[in-house]
Amino acid sequence: MKTDDLRKAFLDFFRSKEHELVASDSLVPKDDLTLLFTGAGMNQFKEKFMGRNVTYRRAASSQKCLRTGDLENVGRTSGHHTFFEMLGNFSFGDYFKKEAIAWAWEFFTKVLKIPPEKLWVSVYKDDGEAYDIWKDSIKVPAAKIMRFGEKENFWPSEAPSKGPNGPCGPCSEIFYDYGAETGCGKKDCDPSCDCGRFVEVWNLVFTQFDRLSDGTLKSLPNKNIDTGMGLERIASVMQAVKTNFEIDIFTPITGEIRRYASGSGKPAAARQVNAIADHIRAATFCIADGVMPSNEERGYVVRKLIRRAMSHAQDMGIKEPFLYKLVAMVSDVMGGAYPEIRERRDDIAQVVKREEESFLIVISNQLPRVEEAFGSMKGAKDAGKLAEAAFNFYDTYGMPYDMLEEIAERRGLKIDRDAFEKLLDKQRELSRSKSKIKGEIFSDSFAKKVAALGLKTEFLGYEDSRAEAKIAAILEGGEVILDRTPFYGESGGQAGDWGTIETVSGLMEVEDAKKIGDTIVHIGRMLKGSFKAGEKAEVSIDEDVRRRVMANHTATHLLQAALRKVLGEHVHQTGSHVDSERLRFDFTHMKKMESREVARVEELVNEGIAASIPVAKEIKDIESAKKDGATALFGEKYDKRVRVVSISGISKELCGGTHVANTKDIGIFRITGESSIASGTRRIEAVTGEAAKKWVEEQGKLQAAKAAAEADKEEGKKLAAKRVEEEMARIDLYIGRAKPAGQAKIVVENIGNIAVDGLRAVADRIRSKEKSAVVLLSTKLDDKVSFIIAVTDDLVKRGLSASALAKDAAKSVNGSGGGKDNFAQGGGKAPEKLDSAFEAAIKTVKEKLR
């Protein structure tokens with residue numbers, strides 16, 4: 001059975017059991033700061049598991065997942081992956097153990113037709129209920145039902161004794177038996193043996209307890225089911241292969257890798273080939289979900305995956321970028337289930353290629369640094385430093401370990417692998433802690449507290465700017481929840497509305513509104529009195545602020561259409577923010593926009609505004625909207641019914657924000673900035689309407705000021721040049737009144753209204769005309785003095801130093817000075833002391849030349 005067919009069979013089976021089929025969530029968890037990546041099928045259902053926003057009681061999904069805690073094992077074992085799909089069925093206070101166990105068995109034995117004798121099961125040692133269901137209802141022989149402890153058969157693992165606090169429960173696992181000919185060969189071999197004969201294929205979690213802070217397990221009023229089955233693992237069973245990397249969605253990728261490696265002359269080890277295949281799948285899906293390679297958090301993981309894959313490729317003799325060529329193969333294999341991969345294939349490939357090129361530069365730059373760092377170390381006494389340095393190059397710069405080890409060996413050094421592994425374990429723990437639920441499960445954040453109230457706010461803001469409402473709740477910080485409101489709660493990149501809420505007992509100025517689930521929270525300050533829950537309220541938004549927000553939001557739709565027209569269809573929105581002052585739009589594009597491209601985009605947006613096109617808004621079925629060509633934001637989850645905002649002939653997007661009635665209402669549009677925010681992601685900042693007019697005026701003033709400054713600068717240069725010419729004409733005069741010093745002359749002049757550069761030019765001219773001279777020139781400006789001292793070469797040979805003279809003179813005028821023996825300059829804040837300073841210099845010169 002092919003993997004795509006297996007995925008479909010699972011979802012169809014649970015559809016027949018009245019489950020809601022829910023599309024995979026993004027790899028980037030939305031509104032969940034406790035997770036770096038989506039790591040399990042249950043992540044997107046956390047609210048429902050807590051009894052909040054339960055719109056259906058049963059669900060099934062095939063969820064994209066990413067885990068990096070066991071990165072070192074990927075490629076080494078038959079079943080470790082970073083990216084994988086998790087098949088799961090879920091119950092939110094509906095069915096429980098009996099149905100979950102029965103349906104799992106039915107799916108395996110009836111749908112997939114796995115012989116019952118090939119299956120074993122395990123239960124938590126104290127879960128007699130699950131044991132009895134398997135033994136008495138399913139008729140699994142007692143000898144094939146294993147009882148394990150809380151480490152193996154409780155979720156979270158060891159929760160009863162070690163926590164964390166929160167929802168938890170026993171689990172039951174189903175194992176596939178590859179047969180006695182596989183593994184250790186012992187007659188008493190069972191699923192507790194790690195010889196490879198048994199593989200766990202499905203985990204059924206029975207969430208029935210709430211662990212309290214004192215360690216007691218309290219029964220939950222609503223018991224939940226959370227199951228997980230790795231798609232790749234069950235596919236390997238169904239396709240009768242021993243590793244996940246031999247299934248049909250991997251072999252085209254691994255085959256392509258081997259084909260590239262065949263020309264290198266080095267053997268392609270299965271471990272390396274499998275790791276590359278895994279990592280390019282993971283990177284492809286991450287980039288498709290908007291995670292670009294970078295040095296921070298999610299982006300760092302993607303960068304690390306690509307660089308590890310490149311390291312493996314280099315070990316196989318592949319020295320040029322080639323991973324980007326595998327993106328097409330990944331999209332061919334996975335594009336049926338995930339069409340966004342196919343749609344963004346070229347864009348993803350360009351991101352990967354750029355990262356590969358960047359890594360090659362890193363290796364080129366870092367190799368000399370590795371050589372230098374390792375070269376300063378000597379033998380066993382620096383073993384700790386060597387391991388630490390090696391780990392730093394490995395973890396921070398992605399330098400391959402084998403390459404580091406080879407460099408060390410060339411210098412007679414040996415990296416302490418144990419010390420290196422300890423550092424790696426520490427980093428791995430950090431990685432695990434960032435990719436799993438932290439601390440108290442489903443922590444009581446502000447959003448959780450709001451959601452726990454179970455209040456739904458009716459949004460009236462598409463049609464109304466004023467309304468009568470009832471105060472449904474007042475939160476600890478004074479935030480207000482209404483039963484109905486015209487206030488748009490911040491979401492989808494659009495800022496919340498401003499305005500007022502007034503009751504007979506108080507008046508609140510609303511400075512923001514947030515949308516949390518189905519609740520809109522109003523945030524602001526009381527201008528008078530106070531509110532009481534249940535009071536009637538007059539609610540009104542600031543219509544001028546809303547009008548400007550709507551103009552900016554509609555402008556982003558015109559902007560995206562213009563970008564796609566100018567730059568290409570690869571452009572996709574990765575983020576945006578619109579408020580009453582400005583708009584920001586982030587999009588996929590591999591290079592800096594040229595000035596002509598920016599100008600053309602701006603021109604197209606203004607053409608759309610000038611065309612006075614009505615902006616249509618309608619509610620449609622999501623599939624119908626997509627068929628009509630409506631653009632959806634990648635990684636965003638939508639309801640079955642969606643709002644479509646259309647600008648005829650230009651744009652059609654799924655959008656829940658507020659918009660102008662006609663494009664002419666935007667006024668004018670001006671781009672104020674274009675920049676990079678990550679590899680392959682650009683940002684445009686812009687303004688509309690009055691803000692755009694003001695920006696244009698300010699730019700005009702800046703340009704005028706700049707032009708005036710340039711003109712002043714040029715005029716200043718002309719005047720300075722003229723002053724120098726005037727002084728050049730007086731050089732013979734200055735030489736004529738020079739002081740004698742033996743056969744040499746000392747030229748001393750204070751020249752007004754001239755720059756130091758001018759003094760330098762005059763001094764050079766005097767020195768060129770007089771073959772044996774000391775020149776002391778100065779200029780005074782306000783309360784400061786600057787001076788130049790020049791000495792001809794013949795006098796330098798006799799021991800005179802312009803630098804020494806300048807330093808002494810500078811001390812006298814409370815300043816500093818110095819330079820070379822033949823030319824120096826200085827200055828100070830005591831111009832009244834300059835004459836005595838120069839007299840001292842003249843005295844020194846005469847003494848030297850005596």
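Couple of notes before you dig in:
- Test result for A268, surrounded by fewer than 23 Cβ atoms within 10 Å (Cβ to Cβ) and touching a residue at least 24 places away in the same chain (Cβ under 8 Å): yes
- Residue in region 644-674 that is nearest to A288 (Cα to Cα), counting only those that are crowded, with 19+ Cβ neighbours inside 10 Å and without any contact (Cβ under 8 Å) to a residue 40 or more places away in the chain: L654
- Options G75, G88: the member that is at pLDDT 90 or above and either under 30 Å from the mean Cα position of the chain (by Cα) or in a strand (DSSP E or B) (or both): G88
- Scanning region 395-415 for residues that are outside any helix (DSSP H, G or I) and surrounded by 18 or more Cβ atoms within 10 Å (Cβ to Cβ) gives G398, M399, P400, L413, I415.
- Matching residues in region 820-844 - criterion: being surrounded by fewer than 17 Cβ atoms within 10 Å (Cβ to Cβ), within 60 Å of the chain's Cα centre (by Cα) and touching a residue at least 24 places away in the same chain (Cβ under 8 Å): K829, A830
- With respect to (1) modelled with pLDDT of 85 or more; (2) open to solvent by less than 30 Å² (accessible area, probe 1.4 Å); (3) in contact with a strand residue (DSSP E or B) (Cβ under 8 Å, 6 or more places away or on another chain); (4) not hydrophobic (A, V, I, L, M, F, W, C), the lone exception for E355 is condition (3).
- The residues of region 754-791 that are without any contact (Cβ under 8 Å) to a residue 24 or more places away in the chain and part of a strand (DSSP E or B) amount to a single one, L781.
- Residue check, E697 closer than 24 Å to L559 by Cβ, open to solvent by 90 Å² or more (accessible area, probe 1.4 Å) and at pLDDT 90 or above: yes
- Residue count for region 31-76, restricted to those that are open to solvent by 50 Å² or more (accessible area, probe 1.4 Å) and of a type in the set (S, T, N, Q): 3
- Residues that are without any contact (Cβ under 8 Å) to a residue 40 or more places away in the chain and surrounded by 15 or more Cβ atoms within 10 Å (Cβ to Cβ), drawn from region 797-807: S801, A802, S803, A804, A806, K807
- Restricting attention to region 341-352 and to residues that are under 23 Å from A23 (Cα atoms) and open to solvent by 40 Å² or more (accessible area, probe 1.4 Å), the residue that is nearest to the chain's Cα centre (by Cα) turns out to be R345.
- Residue list for region 206-227, filter: open to solvent by less than 20 Å² (accessible area, probe 1.4 Å) and among the charged types (D, E, K, R): D226
- Pairs with Cβ under 7 Å, 6+ apart, first in region 480-495 and closer than 15 Å to S465 by Cβ and open to solvent by 10 Å² or more (accessible area, probe 1.4 Å), second aliphatic (A, V, I, L, M) and not in a loop (DSSP other than H, G, I, E, B): R484/A467; R484/A469; Y488/A513
- Candidates D628, D544, filtered to the one that is surrounded by fewer than 23 Cβ atoms within 10 Å (Cβ to Cβ) and at pLDDT below 95: D628
- Filtered residues of region 753-776 (kept if over 14 Å from L795 (Cβ atoms), open to solvent by 40 Å² or more (accessible area, probe 1.4 Å) and not β-branched (V, I, T)): N753, A755, D757, R760, D764, R765, S768, K769
- Considering residues of region 13-46 that are outside any loop (DSSP other than H, G, I, E, B) and free of Cβ contacts under 8 Å to residues at least 40 places away in the same chain only, the residue nearest to the chain's Cα centre (by Cα): N43
Conditions tested, residue by residue: (1) aromatic (F, W, Y); (2) more than 29 Å from E85 (Cβ to Cβ); (3) in a loop (DSSP other than H, G, I, E, B); (4) within 40 Å of the chain's Cα centre (by Cα).
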| site | (1), (2), (3), (4) |
| --- | --- |
| G169 | no, no, no, yes |
| A180 | no, yes, yes, no |
| N203 | no, no, no, yes |
| F209 | yes, no, no, yes |
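- The set of residues from region 566-577 being at pLDDT below 95 and assigned to a helix (DSSP H, G or I) comprises just one member, L567.
- Yes/no for G290 being more than 27 Å from the chain's Cα centre (by Cα) and farther than 19 Å from H80 by Cα: no
- Checked against the criteria, A282 does not count as buried (at least 23 other Cβ atoms within 10 Å of the Cβ), over 15 Å from V74 (Cβ atoms), in contact with a Leu (Cβ under 9 Å, 6 or more places away or on another chain) and not β-branched (V, I, T).
- Taken over region 91-111, the criterion of being open to solvent by less than 10 Å² (accessible area, probe 1.4 Å) and part of a loop (DSSP other than H, G, I, E, B) is satisfied by Y95 alone.
- Meets criteria (at pLDDT 90 or above and not in a strand (DSSP E or B)) for F10: yes
- Flag for R682 being under 28 Å from D347 (Cβ atoms), basic (K, R), touching a residue at least 24 places away in the same chain (Cβ under 8 Å) and open to solvent by less than 40 Å² (accessible area, probe 1.4 Å): yes
- Cβ-Cβ distances below 7 Å connect the following pairs, each with a first residue in region 729-751 that is loosely packed, with under 13 Cβ neighbours inside 10 Å, a second residue that is not hydrophobic (A, V, I, L, M, F, W, C), and a separation of six or more residues or different chains: Q743/S772.
- Filter result for G335 (open to solvent by less than 40 Å² (accessible area, probe 1.4 Å) and at pLDDT below 90): no
- Test: residue in region 610-625 that is in contact with a helix residue (DSSP H, G or I) (Cβ under 8 Å, 6 or more places away or on another chain), among the small types (G, A, S), under 30 Å from K591 (Cα atoms) and surrounded by fewer than 18 Cβ atoms within 10 Å (Cβ to Cβ): yes
The values are calculated or read from the model by the stated rules, or taken from the named source; none is laboratory data. Just so it is clear, the structure is predicted and the values come from calculations on it, not from any experiment. All Cβ positions, even for glycine, are placed from backbone atoms using ideal geometry, and neighbour counts span all protein chains on display. Side chains included, ligands, DNA and RNA excluded: accessible areas come from the protein's heavy atoms. Shrake-Rupley method; radii C 1.70, N 1.55, O 1.52, S 1.80 Å.
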